[in-house]
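Here is the structure we will look at, set down as structure tokens.
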Amino acid sequence: MTALVPTSARALVKGHARAGELVAKLDAVAGEIRRVSLDCFDTIVVRNVAEPVDVFFDLARSEPFARLDFAAKLRVDAESRARSLATLRKGSTEVSLPDIYRAAFPALSDAEVAELARAELEAEKRACSAFAPTIELMLAAKQRGLPIVIVSDTYLSEPELRELLSACIPAEALAAVERIFCSSEHGRSKAAGLFKDVLRLLGVAGRSLVHFGDHAVSDLAAASAEGLHAVQLVHHTPVVESALRTHALATGLVAPEVRLERGLPRPYAALLSEARGLEEPAAELGYVGAGPILYAFGHFLLRSLAELRDAGARPKPLFLLRDAFLPQRVCSELLGADAGPLVSISRFAATAASFRTREDVESYLAKSAGSGRFEPIVGQLLLPPHIAERIIKAAKRDRQPALEFVRRVLEPSVVAEIVARSKAYRQRLYRYLERHVKLERGDTLVLIDLGYEGTAQRQLGPVLADELGVTVTGRYLLAARVPGWEQTRRGLFEPSSVDDRISGTLVPHIALLEDICTSDDASVVDYTEAGDPLFAPKVIAPEQYERVKPLQAEVLRFVREAEAHFAKSGRRPDPEAQRIAALAALARLLFFPGEAELAYLEGFRLDMNLKTLDSFELFDRQQGLEALRRKGAFFTRPGMKTLRTNYPLELRGAGIELALALFTQRRFSLNLGHDELNLRRESLSVVVAGATDGGVTTAEAHATHDGYYALVLPVSKSFRLAILFGQRYSYVQLHSIELLPTKALYAAEGDDPVLDASSAATVDGMRDAGGGLFECLNESAFVLIAPTEFPESTSGVACRVVFRPVVERLAPAAE
């Protein structure tokens, strides 16, 4: 008689297991069982796409399928029709490949069916690879003398499934397989009783088998119901599952060809199943979030350098600090050697070294003078203090400060000073470069950065070509469409592969990835005569970089483990699959991160690298929520004085539908006005009282967020406003009362002054219940707004009252 398994061991084997626990689950019942039963798909083998349907897009390009125009959608429809016919004819939904093909094309010959089946089997072979933890389990079972049976819900036949496994898993593991049971051949699925057939044909009792599979119903519940020991393989934690779902969402937004011309690639799902420690927030953000982006970027960079060498160039890569710090470490990890020097060439330094002519100065002023930030501009132009102060004072006294500033900067003596100082700066930069890279005429200097427009390359490229005789090219994560970009730069994401509107949607918020990739160095502003870099004071607190270091460590762990995983499986994702996965990962990170990722990034700031003390907060969820309540989603509109760089994160925190709406509006250049965002309105009576007369009017409040409404009214010093809340509500919550220039109503946060006017408001007939909640004691209850202080404005002033209806006033019952 078989000894009973101890209670602790039974508890171990029942239920669920992660990838690294499978052998332990087997050992817990090794003394009781006589065989091991395994599911096939997503257990022994995993696909490199998200769903089985995604295999059909590759399949549709095969010769026999293309000849019939047997597209992916038609393949899905054919299977559904075949299962419906099988239910009518046999009372079972189980079908074979011939059943599926003839559901779409009834007149197919046996030879044509065989040709289609062969193509489908080959497509599955390309899509599938062995799942290493299950292979380890199979070898452990063989070592313990336990035969293996495979029980699969599949439209493949036993010979077809065996051939697929032969192509995907080690021969040693396949040799341990005693029998294969396919639902298509037995006429019922695992949930419908296939395990009964398995036990009958093997002539054994259920308790002599342990079954492993990934499906809660088909594997865990169905096997348990027949008395088998059952273990569900749980591939991912809930956090990773959520990340995979939002990654699929992002893929659909940034890669329109997916599920139109090709399947949805999921090259890292098996890796994420095997990886340990992904419950930590740093791992979610670094390993799961940024890891696929930097991994694909690293491979792209190494391929690019190899292509340059193959074309006869002498590429010398320079990784530009600070944002290329992590890409350099990723490339070095992939190479197993130093990938190239890290150099301190900031936007400030590149621009300062580029002024050779009056036209260069004019080009810079055309982009910058309109900002009115004259102090940073004269610093960038390298003007000495006595000249800079004279120009700024004169500009500020003029009625048109920007024009006067430009006029004075372009005086011949000032331009000559700029050009001379830039030349000297350039010589110091050259001495710095000589210490890191030995440049010879004819070399190709490869500047590596995250992108977008490649300021350092744009500014220094012509200078280095003319003065040193070297070609300068750029390699970026994101390469902008600039004139002649094909000849001067390449990007993992570039105009040839990414819609300009997608780039335009992502680039404004790339600060998040920059913060993850950066080093803890300060921004370089100059070089000594000997070529030593001189740095500006650090702007970002050291505590932030202490939080960045674990993220970077997780990215590098992803790179190492991905390389080991693909080397072991022998199925490395192709560059296009890497690119699509990386693009979707970037979109997900910037627009649809998870709660733990948001919490980890809270308080991060971005240094602008322009020899100023400027830095911007990435996001502030509480401020974003307040802005949503006051203004609705329009608070994210780009403005000249952006307070924070990553407003989508604030919308994500308030609701994924808001982040999704913002993404699609920008992705597809949708021109939506305030009236289209929400149709909910509240009509309120407002008394307008002037010095000598007054009257009652009706005003409409527009819904914003969280049940709040914004009532916007024109206001001036000559009249007061009384809002008759009591007519509509028994209880109302007042959020804010503000005065602002009319032009600022739907501009970005911080563009214009907003005055808190709550002190100018009084209530009548309203009881303060605390927390901004008021009880309207009668229908005449009102809020009176009589401001005495107003913001400066040339467009008029508006009063914005934000409130939330809590209890509507009931109409009196009819007599």
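Values for this structure:
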{"quantity": "Span from the the range 375-427 Cα centroid across to the the range 487-504 one, whole angstrom", "calculated": "36"}
{"quantity": "Cut-off 13 Å between beta-carbons: net charge of the residues surrounding GLY442, Lys and Arg +1, Asp and Glu -1", "calculated": "+2"}
{"quantity": "Cα-centre dipole for the range 276-361 with unit charges at Cβ (Lys and Arg positive, Asp and Glu negative), debye to 20", "calculated": "420"}
{"quantity": "Highest-first arrangement of 580-591, 353-364, where packing means the average Cβ count within 10 Å", "calculated": "580-591, 353-364"}
{"quantity": "Gyration tensor (alpha-carbon) shape descriptor, the range 427-560, a/c threshold 1.5", "calculated": "oblate"}
{"quantity": "Simple spin-label estimate for GLU389 and SER685 in nanometres, 7 Å along Cα-Cβ", "calculated": "6.5"}
{"quantity": "Overall form of the range 300-351 per C-alpha gyration tensor (a/c, 1.5; a/b vs b/c)", "calculated": "oblate"}
{"quantity": "Overall form of the range 656-815 per C-alpha gyration tensor (a/c, 1.5; a/b vs b/c)", "calculated": "oblate"}
{"quantity": "Solvent-accessible heavy-atom area per residue, rounded to whole Å², over the chain at 1.4 Å", "calculated": "43"}
{"quantity": "Values of log10 I(q)/I(0), in the order q = 0.22 Å⁻¹, for the range 535-585 under a Debye, Cα-only, solvent-free model", "calculated": "-0.89"}
{"quantity": "Compactness relative to 2.2 N^0.38 Å, alpha carbon Rg of the range 105-244", "calculated": "1.15"}
{"quantity": "Summed residue charge, Cβ within 11 Å of ASP99's Cβ, Lys/Arg positive, Asp/Glu negative", "calculated": "+3"}
{"quantity": "Anchor LYS396: lysines whose Cα lies under 26 Å away (excluding residues fewer than 8 positions away in-chain)", "calculated": "LYS367, LYS611, LYS641, LYS743"}
{"quantity": "Where only C-alpha atoms are counted, convex hull volume of the range 32-179 per residue in Å³", "calculated": "119"}
{"quantity": "Helix-only CD estimate at 222 nm, as mean residue ellipticity for the chain, using -39500 (n - 2.57) per DSSP H run (n ≥ 4)", "calculated": "-13000 deg cm²/dmol"}
{"quantity": "Stokes-Einstein translational diffusion, the range 244-295 - Kirkwood Rh over all Cα pairs, 1.567 mPa s, 4 °C, in µm²/s", "calculated": "107"}
{"quantity": "Protein accessible area in the range 484-550, 1.4 Å probe - carbon and sulfur %", "calculated": "54"}
{"quantity": "The range 346-435 - percent of accessible surface contributed by carbon and sulfur, probe 1.4 Å", "calculated": "52"}
{"quantity": "Carbon/sulfur fraction of accessible area - the range 135-227, other protein chains in place, 1.4 Å, %", "calculated": "51"}
{"quantity": "DSSP-defined antiparallel bridges as percent of all bridges, the chain, nearest 5", "calculated": "60"}
{"quantity": "Surface/4 of the Cα convex hull for the chain, nm²", "calculated": "48.3"}
{"quantity": "Reachable lysines from LYS142, criterion Cα separation under 27 angstrom, eight or more residues apart if same chain", "calculated": "LYS14, LYS25, LYS125, LYS190, LYS196, LYS568"}
{"quantity": "Surface accessible to a 1.4 Å probe, ARG102 within the full protein complex, Å²", "calculated": "80"}
{"quantity": "C-alpha long axis of helix 325-335 to longest principal axis of the chain, angle in °", "calculated": "30"}
{"quantity": "Sorted peptide list for 239-250, 169-180, criterion being average Cβ within 10 angstrom, highest first", "calculated": "239-250, 169-180"}
{"quantity": "Mean Cβ count within 10 Å, highest first, over the residues of peptides 501-507, 599-605", "calculated": "501-507, 599-605"}
{"quantity": "Estimated Rh, the range 366-487: Kirkwood, alpha-carbon pairs, angstrom", "calculated": "16.7"}
{"quantity": "Probe 1.4 Å - accessible area at LYS538, Å² to nearest ten", "calculated": "120"}
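The values are calculated or read from the model by the stated rules, or taken from the named source; none is laboratory data. Bear in mind the structure is a predicted one, so any value in this text is a computation, not a measurement. For neighbour counting, all protein chains shown are included, and Cβ atoms are generated from backbone atoms with ideal geometry for every residue, glycine included. Note: accessible area is taken over every heavy atom of the protein model, side chains too, but ligands, DNA and RNA are not part of it. Shrake-Rupley method; radii C 1.70, N 1.55, O 1.52, S 1.80 Å.
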